[in-house]
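The values are calculated or read from the model by the stated rules, or taken from the named source; none is laboratory data. Bear in mind the structure is a predicted one, so any value in this text is a computation, not a measurement. Backbone-built Cβ (ideal geometry, glycine too); neighbour counts: all protein chains shown. The protein model used for the area step is the full one, side chains on, heavy atoms only, and it has no ligands, DNA or RNA in it. Shrake-Rupley method; radii C 1.70, N 1.55, O 1.52, S 1.80 Å.
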2 protein chains.
Amino acid sequence: MDLDPAQLLTVAREEALLGKSEGGVPIGAALFTVDGELLGRGHNRRVQDGDPSMHAETAAFRNAGRRPHYRDTIMVTTLSPCWYCSGLVRQFAIPHVVIGESRTFTGGHEWLAEHGVTVTLLDDPECVKLMTEFIAEHPELWFEDIGTSS
Amino acid sequence: MDLDPAQLLTVAREEALLGKSEGGVPIGAALFTVDGELLGRGHNRRVQDGDPSMHAETAAFRNAGRRPHYRDTIMVTTLSPCWYCSGLVRQFAIPHVVIGESRTFTGGHEWLAEHGVTVTLLDDPECVKLMTEFIAEHPELWFEDIGTSS
């Protein structure tokens, strides 16, 4: 089965929009099998749950439940994964990451590629727009979410 | 105030023992300020909550709640932090990590040191004993927790 990365991204983008509608950080993610089965989806929950540990990728990973391994999975996220979420991908040996955009933020995806992860970097205008508007409207929340507030 | 790393470790070790008593992965962690104030403590919750995203460090980080920054904090953990938890430390710019032991597992603490994190590596016999016994008794659970089951 040939998976279309842009099609997989639609699920992560829906999650990001859901997060936005809840007043949260608008980043979404989804974990699929390489056959396209959805294992888990989620979005950043810092605001909604007061939980700084739930980035989009960790929320999707959590929602997929316990698995013996991840060698047949693809992590899809609307934004370049930060070091925390890149570390998740590396530790659990998720072999493929699909990224909506890295214009507004670049995390560790090049490091992942250096360590053998297949990285598919899209340049999705809707994802760029979501984050551009969010960062302009809520800079303090964004800096808090990536640990760089001054 | 001069903090004693071994003293800080006692809190993380209590968490690890609590995790063991619950039938879980016996790894504990705690987040302190550099003045020794306890911000959050926690232990691995894979078994207890069916939650693969809650390693000891992420649980302690979550339990500390939302913070604008982490520049005055110390992460204390019973075991060398895996890539996921090392990524957490790097992303949120936690400047100091105290580690109970790295005999039974070595994650990303050398990478953290290369990126400016102060790493205090202890060689605590109780932490070593906890993990040695756990890995011998539950190898499949341990490999699942670090994403390397075969």
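Can you give the convex hull volume of the alpha carbon atoms of the range B:109-150 per residue, in Å³? Don't jump to the answer; show the numbers that get you there.
Numbers: hull volume 3.5 nm³, N = 42.
Once divided by residue count, the hull of the range B:109-150 is 84 Å³.
For the range B:8-51 and the range A:65-133, compute the distance between their C-alpha centroids and round to whole Å.
The range B:8-51 and the range A:65-133 have Cα centres separated by 28 Å.
Along the axis that rotates chain A into chain B, which residue of chain A has the nearest beta-carbon, and what is the gap in whole Å?
Per the Cβ-to-axis criterion, the result reads A:Gly87, 1.
Using a 1.4 Å probe on protein heavy atoms, which residues of the range B:18-54 have at least 40 Å² less accessible area in the complex than alone?
B:Pro52, B:Ser53
What does the copy distance list look like for A:Asp2, label position 7 Å along Cα→Cβ, in nm and ordered from shortest?
6.8
Report ³J(HN,Hα) in whole Hz for each residue of the range A:27-34, in order, from the Karplus equation J = 6.51 cos²θ - 1.76 cosθ + 1.60 where θ = phi - 60°; Gly and Pro get x.
Whole-Hz 3J(HN,Hα) from phi for the range A:27-34: 10, x, 8, 8, 10, 10, 7, 5.
Compute for chains A and B the buried accessible surface, both sides summed, probe 1.4 Å, and express it in Å² to the nearest 100.
Details: alone 7420 and 7410 Å², together 11820 Å².
Result for this pair: about 3000 Å² buried.
Taking all pairs of different Cα atoms in the range B:18-101, averaging 1/r and flipping that mean, what Kirkwood radius in angstroms comes out?
Values: mean 1/r = 0.0796 Å⁻¹.
Hydrodynamic radius (Kirkwood, Cα only) of the range B:18-101 equals 12.6 Å.
Which distances in nm, rounded to one decimal and ordered from shortest, link the label point of B:Thr132 to the equivalent label points in the other identical copies, with labels set 7 Å from Cα toward Cβ?
5.9
Quick one: net charge of B:Asp51's neighbours, Cβ under 9 Å, K/R +1, D/E -1?
Working: positive: A:Arg62, A:Arg66, B:Arg45, B:Arg46; negative: B:Asp49.
Value of the local net charge: +3.
If I model the protein assembly as shown as equal point scatterers sitting on the Cα atoms and use the Debye formula, what is log10 I(q)/I(0) at q = 0.09, 0.15, 0.16 Å⁻¹?
At q = 0.09, 0.15, 0.16 Å⁻¹ the computed log10 ratios are -0.40, -1.13, -1.27.
Using the 7 Å Cα-to-Cβ label point, sort the distances from B:Gly65 to its equivalents in the other copies shortest first and give them in nm to one decimal.
Distances between equivalent label points, in nm: 3.3.
Under 15 Å from the Cβ of A:Thr73, count the other residues' Cβ atoms, weight Lys and Arg +1, Asp and Glu -1, and hand me the total. Can you show the working numbers first?
On the way: positive: A:Arg41, A:Arg62, A:Arg66, A:Arg67, A:Arg71, A:Arg90; negative: A:Asp35, A:Glu37, A:Glu57, A:Asp72, B:Glu144.
Net local charge, A:Thr73 excluded: +1.
With all protein chains present, how much of the accessible area of the protein assembly as shown (probe radius 1.4 Å) comes from carbon and sulfur, to the nearest whole percent? Display every interim value, and only then the final one.
On the way: 5980 of 11820 Å².
With neighbouring chains kept in place, the figure for the protein assembly as shown is 51 percent.
Calculate the spin-label point distance for B:Asp2 paired with A:Leu38, positioning each point 7 Å from the Cα along the beta-carbon direction, and give it in nanometres.
For the pair A:Leu38/B:Asp2, the computed spacing is 5.8 nm.
How large is log10 I(q)/I(0) at q = 0.12, 0.13, 0.21 Å⁻¹ when the Debye formula is applied to the Cα atoms of the range B:8-150, each weighted equally and without solvent?
Values returned for q = 0.12, 0.13, 0.21 Å⁻¹ are -0.41, -0.48, -1.31.
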